[in-house]
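Undergrad: If you scroll down you'll find the structure; I have some questions about it.
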Amino acid sequence: MPGNLCSLEALSSSFQVHSKSRETSPLEYEATKPHANHLKFQKFNSLPQSARELSNKAISFHFEETLLKSPSLFPYFMLVAFEAGGLLRALILFLLSPFICLVGGELGLKIMVFLCFFGIRKEKMRVGTAVLPKFFLEDVGCEGFDVVMRCGKKVGVSDLPRVMVEGFLKDYVGVDVVVARELKVVGGYFVGLMEAKNTNSLDSNLILGEKKSDYQAIGIIGCHNENMHEQLFSHCKEVYLVTEAEKQSWKSLPREKYPEPLIFHDGRLAFKPTQLATLAMFMYMPLGICLCILRFLSGIFLPHSICAPILAFTGTITTISKPKSSISSTNGKGEKQRGRLYVCNHRTLLDPLYVQLATNKSLTAVTYSLSTVNEKIAPMKTVRLTRDRDRDGKKMEKLLSQGDLVVCPEGTTCREPYLLRFSPLFAELTDDIVPVAIDVKVNMFYGTSASGFKCLDPVFHFMNPNPVYTIRLLENLPGSNTCKLGGKSRFEVANYVQNEIGRALDFRCTSLTRKDKYMALAGNDGSLKGSRKVTHHA
């Protein structure tokens, strides 16, 4: 699908748009023959690579051409349509995508923007900070990213609406100025139309500030839009061209090179919704709903011995490992002690159910924000906590006197290979503590959500073709590392359990909390700059 998202042609009548011999598409880019103008164009591979040579340069770069490897923008609009508008809006966008390819260019872009944003409330539009950064990072080319990050001042130019790219460019790339299209808002709602772009922000004095003489301005664009950015990059001494052939050879940016750790992200889609992947999703939906119903009914009404084979037959993969030795929960006289406390990290709302399956005995789960629907249908006893330390402590003490208990001290789920801070409340209740390490892999939908309907979390999890649950019961906490027998503080015990689970899963431990997660996904700063605290395991 060749083409070009030329959203910048409306900036000025002085732009000379090169006519093409065939229609273009906004879903994919194709290089055209460069045309000479007053700017000095050079090949991308002739850029200086050392940090010293680039640190005193101010760079203006085209976001899609300089950082993203993929030539297609359809997945990002599909993410907006699905996550912000729902399944029906995503289906409409998908069905109209052939027509969008046909009309191409600026008109195609306007159609996609209208389909994705019309009627969306501006205050609720957080896809640009909570969802898209994950997919942008996975599509970033390492070579282009390295060049941009080594420069001093940064200006990001994008054909996408500002609400889609500004959060990522400022939080993860550190750009000083973002030049992108604004969306019209009426009564607090997007109307699906774009404002004309204002290029005043590209004035060199605003970009370079008082230290203008300390910087040399350079630019990076794609060959196909070279003649369209004359005004936008007129302040640049040199402009470097990126070809599609070069981008195809770029390597994906590894996670360890992310400028900010990707710990929190929202949204239901766990895959990049390209056109083929989106087609596969819609074709799979009816089967996924049937699988979800079958898995639900099996888990609720059938005993574990019968339920497990049925779940395995439907594609659910469960791996359970137990320690070779386990401390008995009876005292020296053979009498049963108070209940055992199972402490696990939190990946989905189904974690307590899988711990119960792994232990093969009845457990009670304490929860904070379980929906009423899920509470009613849960095939195990659940008790709601209040987040009041004294009241919750007394309630858990009583439950432990009646039997075994499972708790997720993170207080909320985390999708990425990180552990949030463990609340120390559990450490004071008993010395009979069993850490449980849990990992979950999904290939289509996330079974967690920060802004969606919580009651649908298990539904989306069980709709996955092959959801994988890994449960690892660790050794009972040694007495020397408990509060009563070992004399440790509750914080030391909580940190010890967090580190043991993190080591078992090869996850990184953080001091981030439930509040940090919701600040990141529901607020304006999705990167939590200044508050990220990540530690490595010993």
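Every number in this text was worked out from the coordinates using simple rules, so none of it is lab data. Worth saying up front: this structure is predicted, and the values here are computed from it rather than measured. All Cβ positions, glycine included, derive from the backbone under ideal geometry; neighbour counts span all protein chains shown.
Undergrad: How big is the Kirkwood radius of region 405-523, worked out from every pair of different alpha carbons and given in Å to one decimal?
TA: Result for region 405-523, one decimal place: 15.6 Å.
Undergrad: Then there's this: Grab the Cα-Cα distance for Ile92 and Glu256, subtract it from 0.36 nm times how many residues apart they are, and report the gain in nm with one decimal.
TA: The Ile92-Glu256 span can extend by a further 55.3 nm.
Undergrad: Using a Förster distance of 35 angstrom, determine the FRET efficiency expected from the C-beta separation of Phe453 and Leu102, and round it to 0.05. Each step should come with its number before you reach the end.
TA: Working: r = 36 Å, r/R0 = 1.04.
E between Phe453 and Leu102, to the nearest 0.05, is 0.45.
Undergrad: Next question, about the same structure. Rank by packing, highest mean first: peptides 433-440, 255-262, with packing defined as the count of other Cβ atoms within 10 Å averaged across residues. Display every interim value, and only then the final one.
TA: Numbers: 433-440: 21.9, 255-262: 13.6.
Descending mean neighbour count gives 433-440, 255-262.
Undergrad: Given the pairs Lys322/Lys381; Lys122/Lys454; Lys376/Lys515; Lys57/Lys154; Lys376/Lys454, which span a C-alpha to C-alpha distance of over 20 angstrom in this model? If you can, show how the numbers build up before the last one.
TA: On the way: Lys322/Lys381 23 Å; Lys122/Lys454 22 Å; Lys376/Lys515 27 Å; Lys57/Lys154 9 Å; Lys376/Lys454 14 Å.
Too far apart for the 20 Å limit: Lys322/Lys381; Lys122/Lys454; Lys376/Lys515.
Undergrad: May I pose another question? Output the peptides 413-424, 155-166, 450-461, 292-303 sorted from most to least packed, where packing is the average of other Cβ atoms within 10 Å over each peptide's residues.
TA: Packing proxy ranking, top to bottom: 155-166, 413-424, 450-461, 292-303.
Undergrad: What does a probe at Lys515 reach in region 389-408, counting residues whose amide N is under 17 Å from the point 7 Å along Cα→Cβ?
TA: Inside the label zone: 389-390.
Undergrad: Simple spin-label model, 7 Å along Cα-to-Cβ: Thr372 to Thr318 in nm?
TA: If labels sit at Thr372 and Thr318, their model points lie 2.9 nm apart.
Undergrad: What spacing in nm lies between the two simple spin-label points modelled at Ser55 and Ala280, each 7 Å away from Cα in the Cβ direction?
TA: So the two model labels end up 4.5 nm from each other.
Undergrad: Going highest first, how would you order 379-391, 111-123, 237-249, 79-91 by mean Cβ packing within 10 Å?
TA: Details: 379-391: 13.2, 111-123: 18.4, 237-249: 16.8, 79-91: 20.2.
By packing density, highest mean first, the sequence is 79-91, 111-123, 237-249, 379-391.
Undergrad: Excluding Leu405 itself, calculate the net charge of residues whose Cβ lies under 13 Å from the Cβ of Leu405, where each Lys or Arg counts +1 and each Asp or Glu counts -1.
TA: +2
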